[in-house]
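Okay, so here's the structure we're looking at.
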Amino acid sequence: MLRAITLGLLLAAGTAFADEAQIRKVVEARLGVKVEGVQPGPLGLYEVRFRSSGGMRIVYTDANATHIFLGKIYETQNERDVTEERLRKLNAIKFDALPLEQAVKIQRGNGKRVMAMFSDPYCPACKSFERTLQEVDDITIYVFMFPVIRPELAEQSKAVWCSPDRAKAWLDVALRGKPPAAKPACANPVEKNLELGRSLGVNSTPTLVLGNGERVTGALSKADLTDLLDAKP
């Protein structure tokens, strides 16, 4: 009996290995990517991971890779974007490793909740998100100025850094469209921030890094942001 069970386990392991090899082969051939990992995913599918310029990405396949599923899996009962939750973990960044000295620090209330943000003052979604952030208390925000939409106006981000009150200068330009009065004549981290963002695969703004390292893109609602900030590790 023990021998039969052992043989069955070996056969199952061999089948799983063969499936993974087939999945890797098909996905790499069809999508032109280098698969970094395959593991069981939701709904009996296989999660297939590969890296792109924007970080880790996921597709799903069946056990034999006869079908490739592109897109997200959404759990309607609990209103969860299962794929997005997984991607946040896969693309997590060590928050403590971020060079926070290169960021504009904005604190409200006790500042207990923390997040970093790559933001462009001329990004419409960023401006919308800045309005949302005005409604969130007890938070510390580290803004990595990331002027990519209108590079010719990067001098304004540099001028923010040269301002006596960087937090106010940032909010004036990003929220109110008011350019800084200071001249961009001081040493500033804007070019370093651009290099940092590219090295981390930041390709859209706003891109947020939560205190637990999870990365989120886009202008979140107050409710969604609060849920993420208050989530237990």
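Every read-out reported here was derived from the displayed coordinates using simple, explicitly stated rules and does not represent laboratory data. What you see is a predicted model, and the numbers here were worked out from it, not measured in a lab. Glycine also receives a Cβ, built like all others from the backbone with ideal geometry; neighbour counts cover every protein chain displayed.
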Open item on the list: Can you give the local net charge around Leu208? Use residues other than it whose beta-carbon is closer than 14 angstrom to its beta-carbon, Lys and Arg +1, Asp and Glu -1.
Closed with: -2
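Mind sorting Lys112, Lys94 by how few other Cβ atoms lie within 10 Å of their own Cβ, fewest first? Write down the numbers at each step before the final one.
Numbers: Lys112 12, Lys94 8.
Exposure proxy ranking, most exposed first: Lys94, Lys112.
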TODO: Only residues of the stretch 127-154 count here: report those whose backbone N is under 17 Å from the spot 7 Å along Cα→Cβ of Lys105, or say none.
DONE: 138-145
TODO: Using R₀ = 30 Å, calculate the FRET efficiency as 1/(1 + (r/R₀)^6) where r is the Cβ-Cβ separation of Lys183 and Asp81; round to 0.05.
DONE: 0.10
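Tell me, which longest segment in the chain has none of the GluC sites (Glu not before Pro) that fall in DSSP loops with at most 12 further Cβ atoms within 10 Å?
Numbers: sites that count: Glu79, Glu135.
Segment 136-233 is the longest.
Which whole-number percent is the relative contact order of the chain (Cα, under 8 Å, 6+ apart)?
Details: 372 pairs, mean separation 42.5, N = 233.
With pairs under 8 Å counted, the relative contact order is 18 percent.
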TODO: Put one equal scatterer on each alpha carbon of the stretch 95-230, apply the Debye formula with no solvent term, and list log10 I(q)/I(0) at q = 0.14, 0.22 1/Å to two decimals.
DONE: -0.56, -1.52
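Under a Cβ-Cβ cut-off of 11 Å, what is the net charge of the residues other than Gln102 that fall near it, where Lys and Arg count +1 and Asp and Glu count -1?
Details: positive: Lys105, Lys192; negative: Glu101, Glu191, Glu195.
Every neighbour counted, the sum reads -1.
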Task: Gyration tensor (Cα) of the chain, equivalent ellipsoid semi-axes in angstrom - done: 43, 19, 15
- [ ] Could you sort out which of Lys89/Lys222; Lys25/Lys94; Lys94/Lys222; Lys72/Lys178 sit more than 28 Å apart by Cα distance in this structure?
- [x] Lys25/Lys94; Lys72/Lys178
Task: Under 25 Å from Lys183, Cα to Cα: lysines that are on another chain or at least 8 residues apart - done: Lys105, Lys127, Lys158, Lys168, Lys192
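What ranking of Asp62, Asp120, Asp172 emerges when the number of other C-beta atoms within 10 Å of each C-beta is taken as an exposure proxy, fewest first?
Details: Asp62 14, Asp120 23, Asp172 18.
Starting with the residue having the fewest Cβ neighbours, the order is Asp62, Asp172, Asp120.
Taking square-rooted eigenvalues a ≥ b ≥ c of the alpha carbon gyration tensor, is the stretch 135-212 rounded, prolate or oblate, where a/c under 1.5 means rounded and, failing that, a/b exceeding b/c means prolate?
In terms of gyration-tensor shape, oblate.
Can you sort Phe69, Phe118, Phe129 by how many other beta carbons sit within 10 Å, fewest first? Present the calculation step by step, with values, prior to reporting the outcome.
Numbers: Phe69 16, Phe118 28, Phe129 23.
Neighbour counts put them in this order, fewest first: Phe69, Phe129, Phe118.
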